[in-house]
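A short write-up of the structure that comes next.
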Amino acid sequence: MKILGIDIGGSAVKGAPVDTKTGRLLAERHRIATDKKLSPKEMAATLKQLADHFKWRGPIGVGFPGVIHGPVIATSANLHKCFCGCDAVKLFSAATGCRVALVNDADAAGLAEARFGAGRGVTGTVLLLTLGTGVGSALFCGGRLYQNSEMGHLPIRGKSAERFVSSAAKVRRGLSYKEWGKELRDYVHTLENILWPELIIIGGGVSKDHRKFFKHIKPRAKLVPAEFFNEAGIVGAALWAAERR
Ligand code: BGC
């Protein structure tokens, strides 16, 4: 099945048609940079631009960085606040003229890794963390997704963990890989004491540098980098739409 996967992020909106049987992109991904926080209306226009780029008429899967309740976005920690309470399925379907399915961005990345990437075939508890502008999480047990796990908002020193351990926080706080790795170690150990995953997958752009910080984390679980790199969100959003038909 061919579905247009779209990944809404803090600095860009990316998309590509995906073959949901193989998890492969069917065309080169298209990226539209967003230099400010787009309002829901502006975001809908950007999604239309992406769909037009591929002359798309079929179903679309959209990953968004917030809690998703059916068609509605419930939270928006790092994007425009007007997304909170917004029926994005209605808005994005009207803008593109296509059927839209909506999913949390990290849940989407987790789906791609669970079905075709670093988590394929693993039946126990799998935790994926995406380290980017924020920290996203996807939690699987027996291959089933527990939606909206939001581990990036676990409180650390009275604030959301993502304020300390996202890759944006590493840059903002001027931390070396060693210093940041040690913060990540405490965070990951806390998550392990609660969830006891068998496998932890680290995604987000920074996962390409995993050799520089994995050695500081020292988890109980097996720790691996994501296999999809920056396509996981696109592929997973398309898989989500395919599984919803
Ligand atoms: C959001 C999550 C999202 C993560 C990564 C967090 O701030 O609350 O929903 O998955 O950022 O984008």
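The values are calculated or read from the model by the stated rules, or taken from the named source; none is laboratory data. Worth saying up front: this structure is predicted, and the values here are computed from it rather than measured. Cβ sites come from the backbone with ideal geometry, for glycine too, and all protein chains shown count toward neighbours. Remember, those area values only see protein heavy atoms, side chains included, never the ligands or the DNA or RNA. Shrake-Rupley method; radii C 1.70, N 1.55, O 1.52, S 1.80 Å.
At a glance:
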quantity	calculated
The stretch 157-167, subset open to solvent by 30 Å² or more (accessible area, probe 1.4 Å) and at pLDDT 95 or above, residue nearest to the ligand (Cβ to nearest atom)	Ser160
Hits in the stretch 193-213 (condition: part of a helix (DSSP H, G or I), under 20 Å from the mean Cα position of the chain (by Cα) and not basic (Lys, Arg))	Leu195, Gly205, Val206, Ser207, Asp209, His210
Of all residues in the stretch 128-145 being part of a strand (DSSP E or B) and among the hydroxyl-bearing types (Ser, Thr, Tyr), the one that is farthest from Leu195 (Cα to Cα)	Thr130
Residues within the stretch 59-78 that are open to solvent by 10 Å² or more (accessible area, probe 1.4 Å) and more than 20 Å from Ala232 (Cα to Cα), tallied	7
Arg99 open to solvent by 40 Å² or more (accessible area, probe 1.4 Å), assigned by TED's automatic domain parsing to the domain that holds Gly58 and on the phi < 0 side of the Ramachandran plot	yes
Long-range neighbours under 8 Å by Cβ, at least six apart or interchain, first residue under 17 Å from Lys170 (Cα atoms) within the stretch 199-221, second of a type in the set (Lys, Arg) and surrounded by fewer than 13 Cβ atoms within 10 Å (Cβ to Cβ)	Phe213/Lys178; His216/Lys178
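Per-residue answers, yes or no, for (1) surrounded by fewer than 15 Cβ atoms within 10 Å (Cβ to Cβ); (2) within 13 Å of the ligand (Cβ to nearest atom):
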residue: Leu4; (1), (2): no, no
residue: Gly9; (1), (2): no, yes
residue: Glu28; (1), (2): yes, no
residue: Asp35; (1), (2): yes, no
residue: Leu38; (1), (2): no, no
residue: Leu47; (1), (2): no, no
